[in-house]
Amino acid sequence: AAMLIASEVLTNAVRATPCKPVTLRMALVGDGLRVEVWDSSPERPRASTPDLSMPEEPLGDDAPDPGGWGLGIVESLSEDHGVRAEFEGKSVWALLRAEFR
């Protein structure tokens, strides 16, 4: 679960700040694990509703993925999550209970 959360939050950070640094931190806290990603964009991530409708024609392997799954995945797998404004940019974090590490 921690790797999936890290992947989703990192993907969002890279999309928000292409060609700029991002930082991943993972730390044991109490009986859980904190996953945190910093990027330089001050814009808070927004949850979106993925399009679950079936296309009229089958999609090929090169069809674009509209996204929209990331924050829902983070919310489902974490005990708590949030966004913290930083001096520059923001940090998006998630806390996992010990059994989900």
Taking into account only those residues within the stretch 28-57 that are among the charged types (D, E, K, R) and more than 17 Å from residue 84 (Cα to Cα), which is modelled with the lowest pLDDT? 51
Between a residue in the stretch 1-25 that is over 14 Å from residue 70 (Cβ atoms) and in contact (Cβ under 8 Å) with a residue 24 or more places away in the chain and any residue that is part of a loop (DSSP other than H, G, I, E, B) and charged (D, E, K, R), which pairs come within a Cβ distance under 7 Å, given they are 6 or more apart or on different chains? 2/101
Select from the stretch 1-32 the residues that are surrounded by 12 or more Cβ atoms within 10 Å (Cβ to Cβ) and more than 15 Å from the chain's Cα centre (by Cα) and list them in ascending order. 20, 32
Filter result (outside any loop (DSSP other than H, G, I, E, B) and more than 18 Å from residue 77 (Cβ to Cβ)) within the stretch 1-51: 14, 15, 16, 22, 23, 38, 39
Within the stretch 58-89, the residues that are under 21 Å from the mean Cα position of the chain (by Cα) and at pLDDT below 65 are 64, 65, 66, 67
If we scan the stretch 91-101, do we find a residue that is of a type in the set (Val, Ile, Thr), at pLDDT 90 or above and surrounded by fewer than 16 Cβ atoms within 10 Å (Cβ to Cβ)? no
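The values are calculated or read from the model by the stated rules, or taken from the named source; none is laboratory data. Keep in mind that what you see is a predicted model, and the values were worked out from it rather than measured. For neighbour counting, all protein chains shown are included, and Cβ atoms are generated from backbone atoms with ideal geometry for every residue, glycine included.
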